[in-house]
Number of protein chains: 2
Amino acid sequence: MAGIKDVAAAAGVSAATVSRVLNAHPSVSEDARARVLAAVAELGYRPNAVARSLRTAQTRTLGLVISDVMNPYFTELARSVEEEARALGYSVIIGNADESPRLQDDHVRTLLDRRIDGLLVSPTDGGSPQMLDAARTGTPTVFVDRWIADVDVPVVRADGRAAIRDLVAHLHGLGHRRLAIIAGPAATTTGSERVDAFRAALGEYGLELPEEYVGQGDFQVASGRRATEAFLALPEPPDVVFAADNLMALGALDAMRAHGLVVPDDIALAAFDDIPWFVHTDPPITAIAQPTRELGRAAVRALVALIEGRRARSLTLPARLVVRRSCGAPPPSEEARTTRTTRPSRPRKRSNP
Amino acid sequence: MAGIKDVAAAAGVSAATVSRVLNAHPSVSEDARARVLAAVAELGYRPNAVARSLRTAQTRTLGLVISDVMNPYFTELARSVEEEARALGYSVIIGNADESPRLQDDHVRTLLDRRIDGLLVSPTDGGSPQMLDAARTGTPTVFVDRWIADVDVPVVRADGRAAIRDLVAHLHGLGHRRLAIIAGPAATTTGSERVDAFRAALGEYGLELPEEYVGQGDFQVASGRRATEAFLALPEPPDVVFAADNLMALGALDAMRAHGLVVPDDIALAAFDDIPWFVHTDPPITAIAQPTRELGRAAVRALVALIEGRRARSLTLPARLVVRRSCGAPPPSEEARTTRTTRPSRPRKRSNP
DNA sequence: ATCCTCCGTGTAATCGATTCCACGGAGCCC
DNA sequence: GGGCTCCGTGGAATCGATTACACGGAGGAT
């Protein structure tokens with residue numbers, strides 16, 4: 001493969017001049033520039049990014065470590081991150097932590113070894129040594145979706161509190177009074193936050209959230225199934241199950257079906273995180289949608305700001321309630337809304353009465 | 001950040017010796033090794049992968065360019081690729097081509113600039129210059145899922161013909177006679193191959209595949225909807241719609257619902273590519289499942305073989321039919337099969353009567 | 001006792017770019 | 001016309017590792 005010296009030789013100039021042409025340095029004569037460009041084209045020369053990175057100490061690569069790539073929410077996040085990064089001239093190396101702190105640490109370590117310019121993480125657990133260390137020793141870092149307390153790192157996330165309040169209002173309006181929730185791991189911020197918001201919203205209607213109505217999940221399908229089965233075994237099972245993420249909602253739906261229950265007639269279901277497939281389930285599932293693509297973009301922009309030495313602030317975008325049929329009342333025009341939900345073309349604020 | 005010289009100084013040896021210790025070179029005294037290891041631990045030294053790559057001319061990075069990350073099939077593929085690569089000591093940079101040859105080319109170019117050791121591609125279209133060039137000029141390359149004719153590159157893919165024959169047998173057994181298919185883009189191999197197999201299987205039952213029963217899709221939801229609407233507008237609409245991928249099947253389901261049709265009573269639906277969500281749709285969708293995780297693993301192993309100078313052969317794994325309710329007959333024990341379909345723990349051969 | 005071999009180690013070249021510095025020449029001002 | 005300032009250019013250092021080569025010393029064979 002042709003190197004910069006070959007180009008220099010072919011153009012009859014020095015390697016320094018070739019470099020200047022390629023990096024748009026002003027001090028190059030029109031004549032030399034033309035000859036270099038011609039040589040580059042003829043040899044099909046492409047600069048070696050590895051060598052460049054060594055010299056300039058920047059790789060124009062971002063590391064993204066997420067908890068579960070198979071979760072559609074994170075898939076969409078990863079996609080928008082990659083898109084925005086590409087637009088800004090960065091590549092992305094993705095690591096899947098699979099909700100395991102050990103794996104997360106492992107990924108962070110390799111990413112650091114590769115001298116990525118910045119790190120985008122949705123931390124799996126209270127914290128993992130490598131990552132905290134990276135953040136503290138100055139590697140530009142941004143948290144997405146989840147975060148870790150007491151670490152001075154910008155956080156880009158959605159605030160579901162208003163939407164959860166809307167959801168509870170919706171459920172209460174439909175006559176539901178016994179509301180249960182399947183929580184995420186207590187260690188994750190999203191896990192505990194959603195429970196708190198749910199309890200607070202219930203409080204506004206004078207409702208309690210008894211201990212047995214809080215199921216322990218881990219954001220995976222199986223845990224949703226287990227928690228729901230526990231609810232159904234209760235002497236007084238809930239009217240509604242609210243799953244703190246999409247996969248657990250699917251598990252819950254499974255369990256309800258297995259018990260021969262009809263949703264929403266016998267029991268209602270709602271989920272945090274909206275995904276295209278919720279439109280096609282039986283019945284379509286009412287969910288709280290995060291502005292996922294915007295989150296991904298914003299996270300990348302914040303991270304790049306940090307990399308370029310600018311300051312970056314945390315950002316919280318509102319989530320919004322998308323009413324479908326799984327809680328009872330058929331929404332006025334599901335079909336129309338459906339198509340838009342599948343692929344939001346632009347960010348929108350919450351839209352509800 | 002500490003460099004190899006700092007370690008050398010701290011251990012009282014030369015940089016060469018440090019390097020030898022780190023690379024398990026035999027010629028190092030036990031004493032020196034111990035001192036180096038101690039210095040490494042104390043300084044928290046991590047070798048700079050960029051510098052190492054420049055010198056050794058290998059990055060231990062793989063490039064993966066896929067057509068659509070949001071498609072669950074490719075998501076799963078990407079995940080298994082990343083897993084296997086990690087196990088073999090490689091990182092993966094993922095590029096999303098979004099079914100656009102231009103974007104695909106763009107990704108291949110950046111990956112090549114970064115001097116990745118090997119390229120894993122599911123080509124979007126007949127071919128894109130950069131990629132063909134890469135393959136020809138010796139960059140280790142492996143095609144997954146799709147491929148390009150006349151290019152000497154190993155292909156790892158699933159063979160759906162047997163499963164499609166099983167599907168047609170299943171449909172015919174249920175009394176369906178007017179079978180339609182929504183094809184993928186003609187330019188992709190998977191697009192045309194599935195139609196051919198379908199037509200051949202119909203032939204075995206003395207059935208025709210008329211032109212108006214072949215819908216043109218592009219592997220996206222919207223095209224499935226459009227094609228299905230065209231079918232339904234026909235004077236003699238089909239009994240069954242077979243979608244050549246999962247997203248188009250979802251679009252088809254949408255269109256059927258919009259026309260007030262009940263699946264499978266009024267019309268049947270089947271899909272190529274099985275995904276966890278097909279269990280939760282209304283009704284659960286009969287599909288042809290590819291051994292996705294195995295494909296990802298095999299592709300990585302083939303690519304690494306190429307990289308290490310060994311030979312790699314193409315590999316074709318069989319897909320298998322998973323019967324659910326969308327074509328008519330209720331399968332004996334859906335619930336039991338459901339849980340296993342969600343996450344196959346080990347590869348299985350086709351299991352059907 | 002002498003020579004040869006092997007082992008552990010250090011010196012220096014190398015990978016392919018970027019960039020600091022010096023230098024020659026052209027143009028400008030006085 | 002002499003001195004100054006720029007401008008375009010090339011030489012050489014540099015980034016942080018790996019590795020070919022040389023070298024001194026220990027130990028074995030004769």
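The values are calculated or read from the model by the stated rules, or taken from the named source; none is laboratory data. Predicted, not measured: the structure shown is a model, and the values here were computed from it. For neighbour counting, all protein chains shown are included, and Cβ atoms are generated from backbone atoms with ideal geometry for every residue, glycine included. Protein only, heavy atoms only, side chains kept; ligands, DNA and RNA dropped before computing areas. Shrake-Rupley method; radii C 1.70, N 1.55, O 1.52, S 1.80 Å.
Here are some notes:
- Averaged over A:106-115, number of beta-carbon atoms from partner chains that fall within 10 Å: 4
- Whole-number D in µm²/s for the range B:65-169 (Stokes-Einstein; Kirkwood sum over Cα pairs; 10 °C, 1.306 mPa s): 110 µm²/s
- Rounded to the nearest 0.05, the FRET efficiency derived from the C-beta distance between residue B:236 and residue B:159 at R0 = 30 Å is 0.40.
- Estimated buried accessible area (total), pair B and A, 1.4 Å, Å² to nearest 100: 4800 Å²
- Pair residue A:56, residue B:42: separation of 7 Å Cα→Cβ label points (nm): 3.7 nm
- Put simply, the amide H of residue A:159, placed in the peptide plane, has neighbours under 5 Å in A:317, A:319, leaving out anything fewer than 5 places away on its chain.
- Of all DSSP beta bridges in the protein assembly as shown, antiparallel share, percent nearest 5: 10 percent
- Cα-based Kirkwood hydrodynamic radius, the range B:92-136, one decimal, Å: 10.5 Å
- Taking chain A and dividing mean pair separation by its residue count, relative contact order in percent (alpha carbons under 8 Å, at least six apart): 15 percent
- Note on the range A:57-132 and the range A:34-55: Cα centroid distance 30 Å, given to the nearest whole angstrom.
- Antiparallel DSSP beta bridges within chain B, percent to nearest 5: 10 percent
- When Rg and the Kirkwood radius Rh are both evaluated on Cα atoms of the protein assembly as shown, their ratio Rg/Rh stands at 1.00.
- Gaussian network model of chain B, springs between alpha carbon atoms under 10 Å - residue of B:261, B:22, B:234 with greatest fluctuation: B:22
- Distances in nm from residue B:196 to the matching label points in the other copies, shortest first (labels 7 Å along Cα to Cβ): 6.0
- Peptide A:38-46 has a mean shielding of 1, counted as Cβ atoms of other protein chains within 10 Å of each residue's Cβ.
- Residues with amide H under 5 Å from that of residue B:147, placed H, sequence gap 5 or more: B:189, B:190
- The range B:4-47: Rg to Rh, with Rh as the Kirkwood radius over Cα pairs: 0.90
- Inter-chain neighbour count for A:62-72: the average number of beta-carbon atoms from partner chains within 10 Å of each residue's beta-carbon is 2.
- Rel. contact order, % - alpha carbon contacts under 8 angstrom, at least six apart, the range B:4-47: 42 percent
- Modelled label positions at residue B:1 and residue A:314, each set 7 Å beyond Cα in the direction of Cβ, lie 2.7 nm from each other.
- For chain B, built as a Gaussian network whose Cα springs stay under 10 Å, the top-fluctuating residue of B:30, B:84, B:212: B:30
- Positive dipole terminus of the protein assembly as shown, leading residue within B:323, A:22, A:147 (C-beta point charges): A:22
- Value of D in µm² per second that Stokes-Einstein yields for the range A:191-315, Kirkwood Rh from Cα pairs, at 20 °C (1.002 mPa s): 132 µm²/s
- Backbone phi angles across the range A:130-139, fed through the Karplus curve with coefficients 6.51, -1.76 and 1.60 (θ = phi - 60°), yield HN-Hα couplings of 3, 5, 4, 4, 4, 4, 6, 7, x, 5 Hz in residue order; Gly and Pro are listed as x.
- Ligands, DNA and RNA left out, the accessible area of the range A:4-47 computed with a 1.4 Å probe is 55% carbon and sulfur.
- Shortest-first distances to equivalent copies, position residue B:230, nm, label 7 Å out along Cβ: 5.2
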